[in-house]
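The values are calculated or read from the model by the stated rules, or taken from the named source; none is laboratory data. Computed from a predicted model, the values in this text were never measured in an experiment. Ideal geometry is used to build each Cβ from the backbone, glycine not excepted, and the neighbour counts take in all protein chains shown.
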Amino acid sequence: MISALILDMDNTVFPTSSITDELFEPIYQLLEKHKDKVGEENIQEIRKLMSKKAWQKIAEEYNFNEELTKEGADILRETTYNKPITLFDDYALVKELAIGKHLVTMGFTKMQWSKIKMLNIETDYQEIVVNDPETTEDTKKEVFERIIKKYNLNPQEVLVIGDDPESEIKAGNDLKMPTVLYDRMNEYEDKHATHHIHHYSELKAIIERYQD
Ligand SMILES: [Mg+2]
């Protein structure tokens, strides 16, 4: 039986592309300023990565110097989004499921909370965890472990739902939790998660399969 859901937020609850350009404009400007060192081609790649990866990870991957890494973090730490954000049209099908839900999202604390507020989803969840790489070394795996323990759950009864095979799906798989890859854009092969869906209309039947 599935007695709890853990959801990711970015690209799982709403499409980040709807806010990315506005949200990251100051970062794009910063990258332009450092264009000589970063390189035009890399800048284009980084623009695409901004909504998918933590700044700290991008900085490592592209060998940013200390100044650029710090300047970017200083900007992002204070960046918030303050206009209403539209949920995925099928999110309502997740919301209506009568199962306890937890939201676990990774990123800068202020930014993630501003999105949660603008999405108006706070009351959909029993608990919301913003895992901020600036304040913790924990990955989603450690957060999931804490939730399982806190609510006295078995990993097998907690369904992890997300769009990233390398993040929440990997954490769930590692902990032997059932996982659902929400592959809205048809980006992935059918091998990363226990279940692979393209629309939340498929979710209810998956959950029902776990009933004994
Ligand atoms: Mg995501």
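Looking across segment 86-115 at every residue that is part of a helix (DSSP H, G or I) and of a type in the set (Val, Ile, Thr), the one that is surrounded by the most Cβ atoms within 10 Å (Cβ to Cβ) is identified as 94. Mind checking which residues of segment 154-173 are more than 19 Å from residue 53 (Cβ to Cβ) and either without any contact (Cβ under 8 Å) to a residue 24 or more places away in the chain or surrounded by fewer than 21 Cβ atoms within 10 Å (Cβ to Cβ) (or both)? Within segment 154-173, 154, 155, 156, 157, 173 qualify. Find the residue count for segment 116-131, including only residues that are in a helix (DSSP H, G or I) and either without any contact (Cβ under 8 Å) to a residue 40 or more places away in the chain or exposed (fewer than 15 other Cβ atoms within 10 Å of the Cβ) (or both). Qualifying residue count for the region: 5. Whenever a residue of segment 14-28 is without any contact (Cβ under 8 Å) to a residue 24 or more places away in the chain, it has no partner that is within 16 Å of the ligand (Cβ to nearest atom) lying with C-beta atoms less than 7 angstrom away and at least six residues away or across chains.
Just one of the listed residues (188, 182) is within 17 Å of the chain's Cα centre (by Cα), in contact (Cβ under 8 Å) with a residue 12 or more places away in the chain, surrounded by fewer than 17 Cβ atoms within 10 Å (Cβ to Cβ) and within 14 Å of the ligand (Cβ to nearest atom), and it is 188.
Given the structure, is residue 103 of a type in the set (A, V, I, L, M, F, W, C), farther than 30 Å from residue 34 by Cβ and within 17 Å of the chain's Cα centre (by Cα)?
Numbers: of a type in the set (A, V, I, L, M, F, W, C): yes; farther than 30 Å from residue 34 by Cβ: yes; within 17 Å of the chain's Cα centre (by Cα): yes.
So residue 103 fits the description; yes.
Here the condition is being within 14 Å of the ligand (Cβ to nearest atom) and not assigned by TED's automatic domain parsing to the domain that holds residue 127; of 50, 9, it holds for 50 alone.
Answer yes if at least one residue in segment 39-48 is assigned to a helix (DSSP H, G or I), of a type in the set (A, V, I, L, M, F, W, C), out of contact with any Ser or Thr (no Cβ under 6 Å at 6 or more places or on another chain) and surrounded by fewer than 19 Cβ atoms within 10 Å (Cβ to Cβ), and no otherwise. Please lay out each step first, then the result.
Taking segment 39-48 as the starting set, the residues that turn out to be assigned to a helix (DSSP H, G or I) are 40-48.
Retained after the next criterion (residues that are of a type in the set (A, V, I, L, M, F, W, C)): 43, 46.
Imposing the further condition that a residue be out of contact with any Ser or Thr (no Cβ under 6 Å at 6 or more places or on another chain) reduces the set to 43, 46.
Subsequent filtering for residues that are surrounded by fewer than 19 Cβ atoms within 10 Å (Cβ to Cβ) retains 43.
Looking for residues that are assigned to a helix (DSSP H, G or I), of a type in the set (A, V, I, L, M, F, W, C), out of contact with any Ser or Thr (no Cβ under 6 Å at 6 or more places or on another chain) and surrounded by fewer than 19 Cβ atoms within 10 Å (Cβ to Cβ), one finds at least one in segment 39-48, hence yes.
Given the criteria over 21 Å from residue 164 (Cα atoms), β-branched (Val, Ile, Thr) and in contact (Cβ under 8 Å) with a residue 40 or more places away in the chain, does residue 86 qualify? When the stated conditions are applied, residue 86 does not pass them.
Selection over segment 191-205 of residues that are without any contact (Cβ under 8 Å) to a residue 40 or more places away in the chain and either more than 16 Å from the ligand (Cβ to nearest atom) or not assigned by TED's automatic domain parsing to the domain that holds residue 103 (or both) gives a count of 5. Checked against the criterion of being of a type in the set (Phe, Trp, Tyr), more than 21 Å from residue 69 (Cβ to Cβ) and either surrounded by 15 or more Cβ atoms within 10 Å (Cβ to Cβ) or within 15 Å of the ligand (Cβ to nearest atom) (or both), the candidates 14, 24 yield just one match: 14.
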